[in-house]
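Everything below concerns the one structure shown next.
Read-outs throughout are calculated quantities, based only on the coordinates presented, and are distinct from any laboratory measurement. These figures come from a predicted structure and were not determined experimentally. Counting neighbours? That spans all protein chains shown, and the Cβs are built from the backbone with ideal geometry, glycine included.
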Ligand code: UN1
């Protein structure tokens with residue numbers, strides 16, 4: 001069954017269609033159309049931001065604990081629909097069902113965390129340097145948040161923005177990825193059912209160019225106060241430039257080339273398991289996916305042998321079954337991955353599969369589960385002999401491919417690991433705490449793991465990166481409140497005189 005989705009849902013109405021229709025297809029069975037999406041032109045986002053502005057004032061007047069109750073109710077609605085939402089995510093983006101369940105759980109965890117924040121959202125009382133005067137701080141909503149998200153985590157990552165933004169009294173314009181349109185709509189419906197007024201959460205579907213133009217227009221109109229963006233580093237830097245022109249600092253969660261250092265004292269089986277999950281799980285399509293294995297020279301051969309065996313034994317295929325990974329997200333990602341396979345050089349050794357590229361009837365794979373011709377399935381690839389200057393080492397791949405590079409001492413490993421200039425997530429496998437601490441101090445990433453993989457961050461820790469991975473902003477947990485509120489100070493003088501700061505210090 002397919003559904004039709006209009007370019008703008010939630011807010012006032014009007015016609016913003018650009019005339020372009022996008023078919024959101026099941027990437028495991030391309031003939032299965034999940035939704036027909038009417039893409040909007042630049043006016044769509046601009047109009048939605050105007051409606052969001054109009055709705056925000058009333059929403060901000062709703063007491064924060066009551067907004068917290070709406071978040072609590074959202075969590076319960078998501079919980080009650082956990083299986084159906086997960087099934088839709090699996091159908092629309094090809095994420096294995098077990099991972100989709102984990103993704104939906106991440107929303108429930110986010111709601112559980114923030115529902116109590118409605119009763120906190122603390123400000124401070126601060127002593128004054130003058131008598132009979134009291135100082136206070138308050139958290140104010142920023143106003144209208146425009147949130148642009150990718151489709152690899154079509155509901156959990158949006159929840160990291162939407163839930164705290166709404167809780168803090170902001171209204172939201174959400175532009176989800178078109179290839180995850182139906183999942184986004186199903187999730188938005190849950191907000192509205194939970195009690196978020198329709199104009200307070202507005203969903204817009206548009207292509208990249210119209211989104212950029214619409215955002216520019218909405219910023220010009222003064223109807224956007226905060227932009228949250230999850231996507232590529234290239235687009236993130238454009239969003240940074242655009243918002244910078246309006247003296248705004250966006251919340252950017254961008255790409256990663258996440259390294260895993262495997263020391264000579266590591267538990268190799270544990271490291272293989274971690275590499276398999278974060279390198280090829282989710283078809284390598286997480287921003288936290290493993291990009292570079294940086295392996296100690298002395299254990300390199302044994303580690304690569306074990307990883308190669310594990311990868312050859314991994315099941316690829318039908319995401320509703322037990323496969324390690326399913327198809328790539330969408331044709332655009334498949335085309336990009338074909339280009340990335342061209343980065344394999346003659347000095348590389350390709351392992352993990354007999355061949356690279358799309359899995360078809362004529363390039364079968366042992367243990368493939370599903371119809372290879374029906375979807376965007378690719379062979380997993382392990383590339384040995386990668387050098388730190390290779391494109392494969394330096395660039396994000398967003399697909400089921402991981403390279404191996406060697407090192408001799410830990411300082412060198414840390415330097416190599418940071419070379420691509422991203423800084424999202426990084427892992428080390430070692431049994432020596434001293435190695436772990438040196439890694440913690442030296443590495444540039446925002447999220448670290450010791451003896452665990454690069455993916456799988458928990459929802460109440462700060463999520464985010466540095467360098468090409470972001471501008472240092474953090475999502476999730478308490479830290480995201482600084483994205484969606486502004487500090488306001490108040491000084492209250494009850495002395496009955498004009499007291500001047502910095503003037504009376506000598507007389508006290
Ligand atoms: C992403 O790919 O954009 O840490 C987010 C993880 C997940 C979130 C990934 N909790 O891998």
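What to note about this one:
- Among the residues of the range 334-360, those identified as more than 22 Å from residue 305 (Cβ to Cβ), touching a residue at least 40 places away in the same chain (Cβ under 8 Å) and in contact with a helix residue (DSSP H, G or I) (Cβ under 7 Å, 6 or more places away or on another chain) are 343, 359.
- The set of residues in the range 207-230 that are in contact with a strand residue (DSSP E or B) (Cβ under 7 Å, 6 or more places away or on another chain) and under 20 Å from residue 253 (Cβ atoms) comprises 211, 215, 224, 225, 226, 227, 228, 229, 230.
- Looking across the range 447-458, the residues that are within 7 Å of the ligand (Cβ to nearest atom) and surrounded by fewer than 22 Cβ atoms within 10 Å (Cβ to Cβ) come down to 456, 457.
- Which numbered condition residue 412 misses (of (1) touching a residue at least 60 places away in the same chain (Cβ under 8 Å); (2) more than 25 Å from the chain's Cα centre (by Cα)): (1)
- Matching residues, the range 291-302, being under 11 Å from residue 271 (Cβ atoms) and crowded, with 23+ Cβ neighbours inside 10 Å: 293, 295
- As a summary of the residue check, residue 387 satisfies the conditions (1) over 29 Å from the mean Cα position of the chain (by Cα); (2) in a loop (DSSP other than H, G, I, E, B) except for the one numbered (1).
- Some residue of the range 118-140 being touching a helix residue (DSSP H, G or I) at 6+ places or on another chain (Cβ under 7 Å) and free of Cβ contacts under 8 Å to residues at least 60 places away in the same chain: yes
- Condition check for residue 229: within 14 Å of the ligand (Cβ to nearest atom) and either touching a residue at least 12 places away in the same chain (Cβ under 8 Å) or not in a helix (DSSP H, G or I) (or both): yes
- Of all residues in the range 306-352, those being assigned to a helix (DSSP H, G or I) and touching a strand residue (DSSP E or B) at 6+ places or on another chain (Cβ under 7 Å) number 5.
- Checklist (1) part of a loop (DSSP other than H, G, I, E, B); (2) more than 16 Å from the ligand (Cβ to nearest atom) applied to residue 288, failing item: (2)
- Strands (runs of 3 or more DSSP E) fully within the range 74-173 counting 1 or more residues that are away from the ligand (no atom under 16 Å from the Cβ) and surrounded by fewer than 20 Cβ atoms within 10 Å (Cβ to Cβ): 124-127, 133-141
- Taking the listed residues 210, 237, 249, the one that is more than 16 Å from the ligand (Cβ to nearest atom) and either in a strand (DSSP E or B) or within 19 Å of residue 48 (Cα to Cα) (or both) is 210, with no other qualifying.
- Contact map, the range 144-160: residues that are farther than 18 Å from residue 90 by Cα paired with residues that are near the ligand (Cβ under 10 Å from one of its atoms) and not in a strand (DSSP E or B), Cβ distance under 6 Å, separation 6+ or inter-chain. Pairs shown: 160/476.
- Any hit, the range 496-506, residues being farther than 15 Å from residue 256 by Cα and touching a strand residue (DSSP E or B) at 6+ places or on another chain (Cβ under 7 Å): yes
- Single residue of the range 459-482 satisfying the filter (crowded, with 22+ Cβ neighbours inside 10 Å and in a helix (DSSP H, G or I)) that is nearest to the ligand (Cβ to nearest atom): 469
- The condition of being crowded, with 22+ Cβ neighbours inside 10 Å, touching a residue at least 12 places away in the same chain (Cβ under 8 Å) and touching a helix residue (DSSP H, G or I) at 6+ places or on another chain (Cβ under 9 Å) holds for only one of 323, 275, 310, that being 275.
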